[in-house]
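> Submitted below is the structure of interest, expressed as structure tokens.
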Amino acid sequence: MKGNLASRFGQRFFWPFSWRWLSRASAFQRRMLLALAVCLSIILFGAIAYSQQPITLTLLMPALDVQAGRSMADQFEASNPGIKLEIVEGPNASNLVEDLYTSSFLLGDTPYDLVLMDVVWLPKFAAAGWLLDITDRVPADQLTAFLPADLEGGRYQNRLYRLPMRSDSGLLYYRQDLLAKAGLQPPTTFDDLINISKTLQERGDVRWGYVWQGRQYEGLAAMFTEVLAGFGGFWVKPDTLEVGLDRPEAIQAVNFLRRTVQEGVSPPGVTTYQEEEARRLFQSGDVAFMRSWPYAYPLGSAEGSPIKGLFSFKPMVHAPGFDSAGCLGGWGLGIAKTSRYPDAALKVVQYFASPEGQRFTILENGYLPTRPSLYTDPLIVAKYSYFPQMQTVAEKAVLRPPVAQYAQVSDILQRYLSAALTDRTPVADAMRNAAQETRRLLDTNES
Ligand code: GLC
């Protein structure tokens, strides 16, 4: 009885369209039924088609890297047809790209699945909880193939949040041809750099001696880190958080940079230059020396470049009794914690950091690898014979302070340094204020 009731109930409410019902149904009821069936099929096929749509992952990149990033993305998509990469073009300056990522995270609901990070942003992004912890998603034996300093740039409190895809190191570029013609050796000290510049300028070989990044932005902080280290100074000691910006070495470092402008070795406009302004001027052929990153080498050697085959590079100069230092730069990919597609995003991260991915982008634009094996890779060395030498230079790395408050620490230095370089504040005052403000910031955040 019970069973009967249940089956009649089921028939009536869950399967009302029996053959008997169909045969008795009115034309209107049949049409309604047909319409219902069509709607259900559309929904079903739509859902199947939707589930087979490629996943689109979005990331923001500095404008200068977009072309290389797009070629790499095309390579990745060709072997991963289910995943598309949408690259949003940001500004060039690293700190401005960081601001855009930061505001997208602060506003919530960031559109970015992947986070392309400069080595100096990671502590802040990880501490803020914006990144997916990938420690357990990347096998530990994969990590041994990276250069330790580049890998370390992806760690925060012993957890991994980023794989390094590109390294960077500050270099001193010089015009080999002009030095040879004047019978001079490349400079080793800061004074040499100024004196040789003046000699070449006086000979009428070049208009300017030395170009560097003097604008108030992250590139200024990176460049200053290596001049400071070359005078034996330091910015912030990572273990003790001791601040060295008002010490005599820091004052000497600022004075050296000011001298380059005061003595006419650097153009007055150098205090507004980013990497590209300096590179364009050096590449025009009218400058003897330039501080820049490895990306400038292939551009200077390209067909049509006035300095093609005429320049070389070496580690940054230093004060007598000290050693050269090149600021460690570099970029890597992490995953936004809010991404709906962490597995697909991890594939991208791994491809961009893989030997194939890196080889591809290096061959396109000469960036430095984060894997030691690629510095002597036959394909790469066949195109860039200078690569093994790059590795030696890159080993003299000096780090910017790896602290979670880095963005503010850097902003303080940029402001006061720029004021001193443009004669708005006496050097000693500027550096004392920079040091005090940094100490206040780090103490406040420490307590
Ligand atoms: C390069 C470096 C990066 C640095 C930036 C400064 O992109 O790789 O680490 O912060 O230059 O302009």
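> Test residue 320 against the stated conditions and say whether it is over 30 Å from residue 84 (Cα atoms) and open to solvent by 50 Å² or more (accessible area, probe 1.4 Å).
Values: over 30 Å from residue 84 (Cα atoms): yes; open to solvent by 50 Å² or more (accessible area, probe 1.4 Å): yes.
The answer is yes for residue 320.
> Output the residues belonging to segment 73-88 that are more than 15 Å from residue 357 (Cα to Cα), out of contact with any Gly (no Cβ under 8 Å at 6 or more places or on another chain) and open to solvent by less than 80 Å² (accessible area, probe 1.4 Å). Before the answer, list the steps.
Filtering segment 73-88 for residues more than 15 Å from residue 357 (Cα to Cα) gives 81-84, 86-88.
Pick out the ones that are also out of contact with any Gly (no Cβ under 8 Å at 6 or more places or on another chain) and you get 81-84, 86, 88.
Scanning segment 73-88 gives 82, 83, 88.
> (1) among the basic types (Lys, Arg); (2) open to solvent by 20 Å² or more (accessible area, probe 1.4 Å); (3) touching a residue at least 24 places away in the same chain (Cβ under 8 Å): which one isn't true of residue 280, the others all being true?
Condition not satisfied by residue 280: (3).
> Going residue by residue through segment 89-99, is there one that turns out to be open to solvent by 40 Å² or more (accessible area, probe 1.4 Å) and part of a helix (DSSP H, G or I)?
Scanning segment 89-99 turns up at least one residue that is open to solvent by 40 Å² or more (accessible area, probe 1.4 Å) and part of a helix (DSSP H, G or I).
> Of everything in segment 316-337 that's part of a loop (DSSP other than H, G, I, E, B) and touching a Ser or Thr at 6+ places or on another chain (Cβ under 7 Å), which residue is nearest to the ligand (Cβ to nearest atom)?
Going through segment 316-337, the residues part of a loop (DSSP other than H, G, I, E, B) turn out to be 316-317, 319-325, 337.
Narrowing the set further to residues that are touching a Ser or Thr at 6+ places or on another chain (Cβ under 7 Å) leaves 316-317, 319-320.
Values: 316: 15, 317: 20, 319: 23, 320: 28 Å.
Per the stated criteria, the residue is 316.
> Residue 62: modelled with pLDDT of 95 or more, in contact with a strand residue (DSSP E or B) (Cβ under 7 Å, 6 or more places away or on another chain) and either at positive phi or open to solvent by 40 Å² or more (accessible area, probe 1.4 Å) (or both), yes or no? Steps first, please.
Details: modelled with pLDDT of 95 or more: yes; in contact with a strand residue (DSSP E or B) (Cβ under 7 Å, 6 or more places away or on another chain): yes; either at positive phi or open to solvent by 40 Å² or more (accessible area, probe 1.4 Å) (or both): no.
No.
> For segment 207-219, indicate whether the set of residues that are surrounded by 22 or more Cβ atoms within 10 Å (Cβ to Cβ), in the same structural domain as residue 356 (by TED's automatic domain parsing), outside any strand (DSSP E or B) and touching a strand residue (DSSP E or B) at 6+ places or on another chain (Cβ under 6 Å) is non-empty.
No, every residue in segment 207-219 fails to be surrounded by 22 or more Cβ atoms within 10 Å (Cβ to Cβ), in the same structural domain as residue 356 (by TED's automatic domain parsing), outside any strand (DSSP E or B) and touching a strand residue (DSSP E or B) at 6+ places or on another chain (Cβ under 6 Å).
> Considering segment 188-206 alone, what residues qualify as being under 19 Å from residue 285 (Cα atoms) and outside any helix (DSSP H, G or I)?
Within segment 188-206, 203, 204, 205, 206 meet the criteria.
> Here's something else I'd like to know. Under the condition of being more than 21 Å from residue 59 (Cα to Cα) and among the small types (Gly, Ala, Ser), which residue from segment 340-378 is most open to solvent (accessible area, probe 1.4 Å)?
373
> Collect the residues in segment 286-315 that are touching a residue at least 60 places away in the same chain (Cβ under 8 Å) and either more than 16 Å from the ligand (Cβ to nearest atom) or among the charged types (D, E, K, R) (or both), keeping them in residue-number order.
286, 287, 288, 289, 291, 300, 307, 310, 311, 312, 314, 315
The values are calculated or read from the model by the stated rules, or taken from the named source; none is laboratory data. As the structure is a computational prediction, the values presented were derived from the model and not from experiment. A quick note on method: Cβ atoms are made from the backbone with ideal geometry, for glycine too, and the neighbour counts reach across all protein chains shown. Calculation scope for accessible area: heavy atoms of the full protein, side chains included, ligands and nucleic acids excluded. Shrake-Rupley method; radii C 1.70, N 1.55, O 1.52, S 1.80 Å.
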